[in-house]
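The values are calculated or read from the model by the stated rules, or taken from the named source; none is laboratory data. As the structure is a prediction and not an experimental result, all values here were calculated from the model. For neighbour counting, all protein chains shown are included, and Cβ atoms are generated from backbone atoms with ideal geometry for every residue, glycine included.
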Amino acid sequence: MKFTKFAAAALVAAGAAAAHAAEIKPAVIYDMGGKFDKSFNEGVYNGVKKFSDETGIEVMEFEVTSETQREQAMRRMAERGATIVLGVGFAQADAIAKVAAEFPDTKFSIIDVTWLDAPNIRQYGFKEHEGSYLVGVAAALKSQTGKVGFVGGMDIPLIRHFACGYVQGVKATNPNIEVFQNMTGSTPAAWNDPAKGAELARSQIDRGADIVYHAAGGTGVGVIRAAADAGKLAIGVDSNQNGMAPGSVLTSMLKRVDVAAYETFKDAASGNFETGVRVLGAAEGGVDWALDENNAELVTPEIKAAVEEAKAKIISGEIKVEEYYTNNSCPVS
């Protein structure tokens, strides 16, 4: 009798779960550069894929190739019956705010936005400056020339935020190191210009930089290639890019946008989706540095210990990494 009750309960639960899953119709709008940009978008894709692999639920997708497509794609997904729509990147803020207002019964989520005021939107922010500080520590300890570089994508406060954290990590470790900084451009095209990224990296290397960190989306592919070709080191961003040039990528600053994407759809599927702002830093596992077989020989025990110590102190509050946003400037340069 007990077995029968348990079996019946299990069947009811399974049926309820299946019915609930059938109500979920997720969608994601990738931004410029596409879902296989080996950086920001691809990090999101990894989270989406993890969700689909675990649940068997298909996620509708659209890859933006021009600025005018963002709002159109967002609205089209809602019209097609999407129950949860994920927007990728700050550039989709206006579009998601407008479409979310038009479809109040649809849930929305967006990455890299924290300033919208809407009852049906979850917003994710990251403490990129904390993760950038960590790779700055690694760069300072690894550099042999006393000069390192940073190549950003579009020249916006978000990317200055990355650069500021990096400079703080470098200077806290060795105040005598010189840090070169260049931005790729002032339009969204700056996210997908590997040739320009390579050019900027080469110019910094010509000035003596032996390590170049990028926060430039698809443009960063050029930075990594240029560093590898010159026999220097690059630092990747967002996704783990160590494998793009094994032995030539010191580490990667991990911005766990995959966690944001996975959480968004998993919570929606389980009925636990809550709106509001979530900010993920070192303490929340939202930013980190990458160590694997592709860079293990580059990272000495001293570097590993120093970076892990810095991370622990950031989490405890002993180290406070200043935000670029505070005064739209960086306290060190």
| query | Considering only residues of region 1-37 that are surrounded by fewer than 22 Cβ atoms within 10 Å (Cβ to Cβ) and closer than 30 Å to G217 by Cα, which is modelled with the highest pLDDT? | reply | K25
| Got at least one residue in region 230-248 being in contact with a Phe, Trp or Tyr (Cβ under 8 Å, 6 or more places away or on another chain), on the phi > 0 side of the Ramachandran plot and not basic (K, R)? | yes
| message | Taking the conditions exactly as written (at pLDDT below 95, closer than 21 Å to Y133 by Cα, of a type outside the set (K, R) and crowded, with 24+ Cβ neighbours inside 10 Å), does G217 satisfy them or not? | response | yes
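One line per residue, one yes/no per condition, for (1) surrounded by fewer than 22 Cβ atoms within 10 Å (Cβ to Cβ); (2) touching a Leu at 6+ places or on another chain (Cβ under 6 Å):
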| site | (1), (2) |
| --- | --- |
| M253 | no, no |
| V257 | no, no |
| E263 | yes, no |
| G281 | yes, no |
| D288 | yes, yes |
| T300 | yes, no |
| V307 | no, yes |
| message | Under 7 Å between Cβ atoms, which residue pairs at least 6 apart in sequence (or on different chains) link something in region 157-175 that is under 20 Å from L254 (Cβ atoms) and assigned to a helix (DSSP H, G or I) with a partner that is of a type in the set (S, T, N, Q) and modelled with pLDDT of 95 or more? | response | F162/S132; A163/Q181; G165/S132; Y166/S132; G169/S132
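If you go through region 59-89 one residue at a time, how many are touching a strand residue (DSSP E or B) at 6+ places or on another chain (Cβ under 8 Å) and either of a type in the set (A, V, I, L, M, F, W, C) or free of Cβ contacts under 8 Å to residues at least 40 places away in the same chain (or both)?
The total comes to 17.
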| note | Filtering region 97-117 down to residues that are among the hydrophobic types (A, V, I, L, M, F, W, C) and farther than 23 Å from G286 by Cα yields A97, V99, A100, A101, F103
| note | Residue set Q123, Q204; condition over 20 Å from G236 (Cα atoms) and either part of a strand (DSSP E or B) or not β-branched (V, I, T) (or both); output residue Q123
| task | State whether the residues of region 201-214 include one that is surrounded by 24 or more Cβ atoms within 10 Å (Cβ to Cβ), within 17 Å of V179 (Cα to Cα) and under 17 Å from the mean Cα position of the chain (by Cα). | result | yes
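Each row is one residue, and each column tells you yes or no for (1) of a type in the set (K, R); (2) free of Cβ contacts under 8 Å to residues at least 24 places away in the same chain.
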site	(1), (2)
V223	no, no
K232	yes, no
G236	no, no
S239	no, no
A261	no, no
T264	no, no
N272	no, yes
T275	no, no
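Kindly indicate whether any position in region 151-164 is within 21 Å of P246 (Cβ to Cβ) and either assigned by TED's automatic domain parsing to the domain that holds S248 or touching a helix residue (DSSP H, G or I) at 6+ places or on another chain (Cβ under 7 Å) (or both).
yes
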| task | Select from region 125-164 the residues that are within 25 Å of A189 (Cβ to Cβ) and out of contact with any strand residue (DSSP E or B) (no Cβ under 7 Å at 6 or more places or on another chain) and list them in ascending order. | result | I156, P157, L158, R160, H161, C164
| request: Would you point out which residue out of I111, I96, I121 is aliphatic (A, V, I, L, M) and free of Cβ contacts under 8 Å to residues at least 60 places away in the same chain? | output: I96
| task | Would you check if T251 is β-branched (V, I, T) and modelled with pLDDT under 95? | result | no
| said: Anything in region 27-85 that is farther than 17 Å from D112 by Cα and among the small types (G, A, S)? List them, or say none. | reply: A27, S52, G56, S66, A73, A78, G81, A82
